[in-house]
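Note sheet for the following structure.
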Amino acid sequence: MSLRIGVEEEFHVLEVESGLLVPRADAVLQRLSKRTFTTELHQSTVESNSGVHSTLDDLHADLTETRRRLDRAAASSGLAVMAAGTAPLAPAVSARPTADARYLHMTEEYRKVADEQLICGAQVHVDVPDRDTAVRAMCTVAPWLPVLLALSASSPFWQGADTGYASWRTLLWQRWPTAGPAGCYADAAEYDAAVQDFVQAGVISDPGMIYYDVRPSAHLRTLELRICDACPRAETVVLIAGLFRALVTEAREQLRTRREPHCSGRHEWLRGAAWRAARSGLEGTLVDPEAHREAPAAQVLRKLLVRLRPALEVHGDWETVRTLAHQALAEGSAARRIRRAAADEDLLACVDMLVAETRGERGHRTGRRPLAGSVGSGAGRRALPEVIGR
């Protein structure tokens with residue numbers, strides 16, 4: 001039986017003419033369904049929640065339609081939305097917490113860590129039969145998660161400057177006390193006890209503040225991927241979702257055939273591997289999860305594809321994922337495209353490109369123009385590569 005998947009995406013809210021991040025999520029959300037769209041920590045962010053799907057084709061259709069609805073709602077208020085790990089133009093004054101008791105407590109408790117949480121991610125949920133399976137699968141999938149981070153890398157700029165990283169969002173995110181590798185636990189009870197230790201020690205206020213790279217969902221029967229940047233192109237999200245579902249499928253099969261996953265008990269290298277992926281994206285090297293050695297990103301991704309082919313074929317995802325992965329390697333990461341736009345023109349051109357890709361348009365159009373100019377026309381909409389839906 002196919003494991004179902006769902007996605008949460010976060011989007012920056014921008015002022016159209018300047019391209020600046022602005023705290024106006026409420027103006028967008030008031031025109032949208034609360035069932036699908038919601039607030040986040042800061043008022044400059046909107047979150048969308050997909051439906052639950054069995055096929056990558058259906059997931060893609062959901063994501064693209066959701067983005068179109070969000071785009072139209074933003075445009076009606078003279079705003080634009082953008083899926084990327086960071087906004088190239090994000091002044092510190094744009095930080096304004098959402099008026100929610102939990103969010104206000106977080107900003108008071110964590111101060112600058114929360115103030116600078118002007119970042120967006122993409123989370124993928126995959127069905128699991130129970131929390132014990134979710135917890136035990138974390139150890140098996142963890143070594144390969146930096147590869148998924150590299151695929152998503154879309155945040156080289158922070159407050160107008162090139163950070164030297166493909167995913168600066170990762171470095172900002174890892175400042176939270178519970179971010180990073182999850183480690184291994186024997187079962188859900190052991191994991192939940194560790195979470196309660198954090199709460200009782202006053203490190204976090206509730207279990208929802210566990211920000212591991214992967215975690216059992218607090219409210220769904222799923223395993224949740226949390227390491228990735230928000231992705232300008234919906235196809236990148238589909239690729240990551242397909243790979244993560246295959247990793248979970250493989251982990252479940254390993255758990256079925258032996259009592260416990262093989263684990264050395266050493267996870268410090270995983271944080272280093274995530275740093276390497278955040279630094280280089282697809283354009284440099286990654287840490288090979290099997291050899292623990294530096295290797296070209298393309299080589300590590302191809303190794304993952306070979307490893308996961310049986311699990312991908314179980315879900316009918318092999319051709320789709322292979323095509324999208326090869327396309328990603330050929331065209332480079334979003335971080336590379338962003339830097340190219342900045343070098344060719346300026347940061348406003350980066351914003352234009354990212355907004356256009358979020359809408360579903362492909363290619364960068366030179367020359368400054370109003371970001372809302374083509375909203376709702378459909379003229380720039382691009383179809384999913386034909387392999388999806390075969």
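Values as computed for the structure displayed
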quantity: Extension reserve of the L329-E268 stretch, reckoned as 0.36 nm per residue once the Cα distance is removed; calculated: 19.2 nm
quantity: Relative contact order computed over the chain (Cα-Cα under 8 Å; 6+ residues apart), in percent; calculated: 21 percent
quantity: Cα-based equivalent ellipsoid of the chain: semi-axis lengths in Å, sorted from largest, via gyration tensor; calculated: 31, 24, 20
quantity: For H42, residues with placed amide H under 5 Å, excluding near neighbours; calculated: T98
quantity: For region 73-151: accessible area per residue (Å², 1.4 Å); calculated: 31 Å²
quantity: Peptides ranked, highest mean first, by Cβ atoms within 10 Å: ranges 179-191, 314-326; calculated: 314-326, 179-191
quantity: Solvent-accessible area per residue, Å², over region 182-306 with all protein chains present [probe radius 1.4 Å]; calculated: 43 Å²
quantity: For region 3-72 and region 214-261, distance of Cα centres in Å; calculated: 21 Å
quantity: Contour minus Cα-Cα distance for Q200 and V113 (0.36 nm per residue); calculated: 29.2 nm
quantity: Percent accessible area from carbon and sulfur atoms, the chain, protein chains only, probe 1.4 Å; calculated: 50 percent
quantity: Relative counts (whole %) of C-alpha pair distances in region 65-109, using bins that are 5 Å wide; calculated: 5, 16, 15, 19, 24, 15, 5, 1
quantity: Solvent-accessible area of F157 with every protein chain in place, 1.4 Å probe, in Å² to the nearest 10; calculated: 20 Å²
quantity: 16 Å tail of the calculated P(r), region 86-162, as % of Cα pairs; calculated: 67 percent
quantity: Pairwise FRET efficiency - A343 versus D130, Cβ, R0 = 56 Å, nearest 0.05; calculated: 0.65
quantity: Kirkwood hydrodynamic radius (C-alpha pairs) into Stokes-Einstein, region 120-197, 10 °C and 1.306 mPa s, D in µm²/s; calculated: 109 µm²/s
quantity: For region 1-58, the spread of Cα positions along each principal axis, largest first, Å; calculated: 48, 21, 19
quantity: Pairwise FRET efficiency - E190 versus H292, Cβ, R0 = 35 Å, nearest 0.05; calculated: 0.85
quantity: Area of Y165 that stays accessible when all protein chains are in place (1.4 Å probe, Å², to 10); calculated: 40 Å²
quantity: Helical contribution to [θ] at 222 nm, DSSP H n ≥ 4, -39,500 (n - 2.57), averaged over the chain, rounded to 500; calculated: -13500 deg cm²/dmol
quantity: Whole-number D in µm² s⁻¹ for region 246-341, Kirkwood Cα-pair radius fed into Stokes-Einstein, 37 °C, 0.692 mPa s; calculated: 218 µm²/s
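The values are calculated or read from the model by the stated rules, or taken from the named source; none is laboratory data. The structure presented is a predicted model; accordingly, all values stated were derived computationally and were not measured. Because the Cβ atoms are built from the backbone with ideal geometry, glycine has one as well, and the counts that use them run over all protein chains shown. Only protein heavy atoms, including side chains, enter the accessible area calculation; ligands, DNA and RNA are left aside. Shrake-Rupley method; radii C 1.70, N 1.55, O 1.52, S 1.80 Å.
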